[in-house]
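A.B. asks: The structure's right below; bear with me while I get my questions together.
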Amino acid sequence: MDPLSKLFGSAARVKLLRLFLFNEIELFTVAHVAFRAKVGKEAVKSEIRKLLDMKVLRKKPAKGGALYGANTNFVHYEPLRTFLRAASGVNDENIGHTLRKAGALRLVALSGLFTGVPESKVDLLIVGDRLDERALAAIIHTLEAELGRELRYASFSTEDFRYRVGVYDRLVRDVLDYPHRVVLDKIGL
């Protein structure tokens, strides 16, 4: 069990806190929370009840069931949000290691959410050969559950990526010309 799970009582609570606090303007159903956080519905219901009691979440009655969202008036809202962002268990090394399961990686670059530039079109740029798109989508979904945010990503074959760099493709330039971190580079950027 990681230290945050011990501190907050459960891994499910940490995932829910990240989901709600990092998506403060969105409202979610229990089913959507369970899907996004990769937590069982019963655990989600239990944790939502506890977070409502603590006034961390707000509840909005809606047709077809209640919607839940972050309570931005919670006394410790900003400090909690800052702490959860800083204490993320997802780091560059973990991302690179996890993505290797999707195929033969040649380049992994982080931008957007990972560099504090939310205007970026892509958070994660992946270049590889024989990439399994289904496995890649599953890995991204797992990362999203850990981070509490949806990730915008683009994946290319090595040949396609080299072509895009050669023609100054806007998407690729948005990553490479602005703040980014390279986790893996076997292409020689």
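A.B. asks: Suppose the filter is at pLDDT 90 or above, under 19 Å from the mean Cα position of the chain (by Cα) and of a type in the set (A, V, I, L, M, F, W, C); does residue 33 pass it?
C.D. replies: When the stated conditions are applied, residue 33 passes them.
A.B. asks: Is one or more of the residues making up segment 135-154 closer than 14 Å to residue 182 by Cβ, at pLDDT 90 or above and within 17 Å of the chain's Cα centre (by Cα)?
C.D. replies: no
A.B. asks: Continuing with this model, one more query. Restrict the check to segment 101-119 and report whether at least one residue is assigned by TED's automatic domain parsing to the domain that holds residue 139, assigned to a helix (DSSP H, G or I), of a type outside the set (D, E, K, R) and over 20 Å from residue 22 (Cα atoms).
C.D. replies: Yes, segment 101-119 contains a residue that is assigned by TED's automatic domain parsing to the domain that holds residue 139, assigned to a helix (DSSP H, G or I), of a type outside the set (D, E, K, R) and over 20 Å from residue 22 (Cα atoms).
A.B. asks: Within segment 48-76, count every residue that is loosely packed, with under 10 Cβ neighbours inside 10 Å and either in a helix (DSSP H, G or I) or of a type in the set (Val, Ile, Thr) (or both).
C.D. replies: Number satisfying all stated conditions: 1.
A.B. asks: Would you confirm whether or not segment 52-63 contains a residue that is acidic (Asp, Glu), more than 30 Å from residue 183 (Cα to Cα) and more than 19 Å from the chain's Cα centre (by Cα)?
C.D. replies: yes
Let's see how each residue does on (1) in contact (Cβ under 8 Å) with a residue 40 or more places away in the chain; (2) aromatic (Phe, Trp, Tyr):
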residue: 31; (1), (2): no, no
residue: 57; (1), (2): no, no
residue: 63; (1), (2): no, no
residue: 67; (1), (2): yes, no
residue: 73; (1), (2): no, no
residue: 77; (1), (2): yes, yes
residue: 85; (1), (2): yes, no
residue: 93; (1), (2): yes, no
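A.B. asks: Within segment 173-181, identify whether any single residue is farther than 22 Å from residue 19 by Cα, touching a helix residue (DSSP H, G or I) at 6+ places or on another chain (Cβ under 7 Å), outside any helix (DSSP H, G or I) and not assigned by TED's automatic domain parsing to the domain that holds residue 17, and answer yes or no.
C.D. replies: yes
The values are calculated or read from the model by the stated rules, or taken from the named source; none is laboratory data. Because the structure is a prediction, the values reported are computed rather than measured. No Cβ is skipped: glycine too gets one built from the backbone with ideal geometry, and neighbour counts run over all protein chains shown.
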